[in-house]
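Note sheet for the following structure.
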Amino acid sequence: MKVLYFAWLRQKIGRGEEAVDLPVAVRTVGELAAWLAARGGGYAEAFADVKRVRAALNQEHVDFAAPVKGGDEVAFFPPVTGG
Amino acid sequence: MTVRVQHEDFEPGVEIARLQREDAGAIVSFVGVVRGESHGEKLVSMTLEHFPGMTERELERIAKEARSCWSLQGVSVVHRVGNLKPGERIVLVVTAAAHRRAAFEAAEFLMDYLKTRAPFWKRELRASGEHWVEARGSDDAAAARWKRD
């Protein structure tokens, strides 16, 4: 699976994207966020307050209950501020 | 329907003229400009980051939604990314319809939805340093008022 990070999440984690082998226990976007946060360091910082984090699954907005599978592209980012 | 994400500036007059046609009696345009002040400080510059691919798809989804709600002859959305200085144009929405009401409403809807759904993030450079712009609850409220069910 491909995981993307944008804005301050990218800065805290120190990279914009990475390939991830999805553990069997991770079934949703929220579980993926928790699993990434458990890596500690910048990941823990980025996901410290998940209320400030939004997600997209295959380039569509989803909530953290959305199911994920291998081959998906998941992006994490702060609430958007365009316009 | 035109949706563009670009580094370079756009020319509002040219974009408006593109939607001019005899069955569109009303053309409404909105131009967003980078303000020179933020949080009581002078803004040095602003950098816009986006999610290439999803941004275009999301803008197209929003434009399609506008077309399903109002009878429109044309829609254009242009959004800039990269480094922008105070006073520079940042976003353009143009709507064309037979009559003005649909064009005004659709333009406002497009901006409200763009602000809460299109994956752009602003980082400001001010005297005190770099700051990511925080999303505003008032933008969510503005987008929510279009929901009817």
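Data overview
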{"quantity": "Identity of the residue in region B:119-149, at the interface with chain A (Cβ under 10 Å from one of its Cβ atoms) and in a loop (DSSP other than H, G, I, E, B), that ends up nearest to A:Ala55 (Cα to Cα)", "calculated": "B:Pro119"}
{"quantity": "Helices (runs of 4 or more DSSP H) contained in chain A and holding at least 3 residues under 11 Å from the mean Cα position of the chain (by Cα) and either within 13 Å of chain B (Cβ to nearest Cβ) or farther than 21 Å from B:Tyr113 by Cβ (or both)", "calculated": "A:7-13, A:29-37"}
{"quantity": "From the options B:Val44, B:Val14, residue that is without any contact (Cβ under 8 Å) to a residue 40 or more places away in the chain and on the phi < 0 side of the Ramachandran plot", "calculated": "B:Val14"}
{"quantity": "Among residues of region B:55-79, those that are of a type in the set (Ser, Thr, Tyr), surrounded by fewer than 20 Cβ atoms within 10 Å (Cβ to Cβ) and either part of a helix (DSSP H, G or I) or touching a Gly at 6+ places or on another chain (Cβ under 7 Å) (or both), counted", "calculated": "1"}
{"quantity": "Members of region B:50-83 found to be away from chain A (no Cβ under 14 Å) and within 17 Å of B:Thr2 (Cα to Cα), listed by number", "calculated": "B:Ala63, B:Ala66, B:Arg67, B:Ser68, B:Trp70, B:Ser71, B:Leu72, B:Gln73, B:Gly74, B:Val75, B:Ser76"}
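So that you can scan it fast, the table gives a plain yes or no per residue for (1) closer than 30 Å to B:Gly25 by Cα; (2) crowded, with 17+ Cβ neighbours inside 10 Å:
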{"site": "B:Val81", "(1), (2)": "no, yes"}
{"site": "B:Ala96", "(1), (2)": "yes, yes"}
{"site": "B:Arg101", "(1), (2)": "yes, no"}
{"site": "B:Glu105", "(1), (2)": "yes, yes"}
{"site": "B:Trp121", "(1), (2)": "no, yes"}
{"site": "B:Glu124", "(1), (2)": "no, yes"}
{"site": "B:Ala141", "(1), (2)": "no, no"}
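Yes or no, residue by residue, for (1) under 18 Å from the mean Cα position of the chain (by Cα); (2) within 12 Å of chain A (Cβ to nearest Cβ); (3) under 27 Å from A:Val74 (Cα atoms); (4) of a type in the set (A, V, I, L, M, F, W, C):
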| position | (1), (2), (3), (4) |
| --- | --- |
| B:Val34 | yes, yes, no, yes |
| B:Gly40 | no, no, no, no |
| B:Lys85 | yes, no, no, no |
| B:His99 | no, no, no, no |
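Every read-out reported here was derived from the displayed coordinates using simple, explicitly stated rules and does not represent laboratory data. Predicted model only: the values in this text are computed from it and were never measured. Counting neighbours? That spans all protein chains shown, and the Cβs are built from the backbone with ideal geometry, glycine included.
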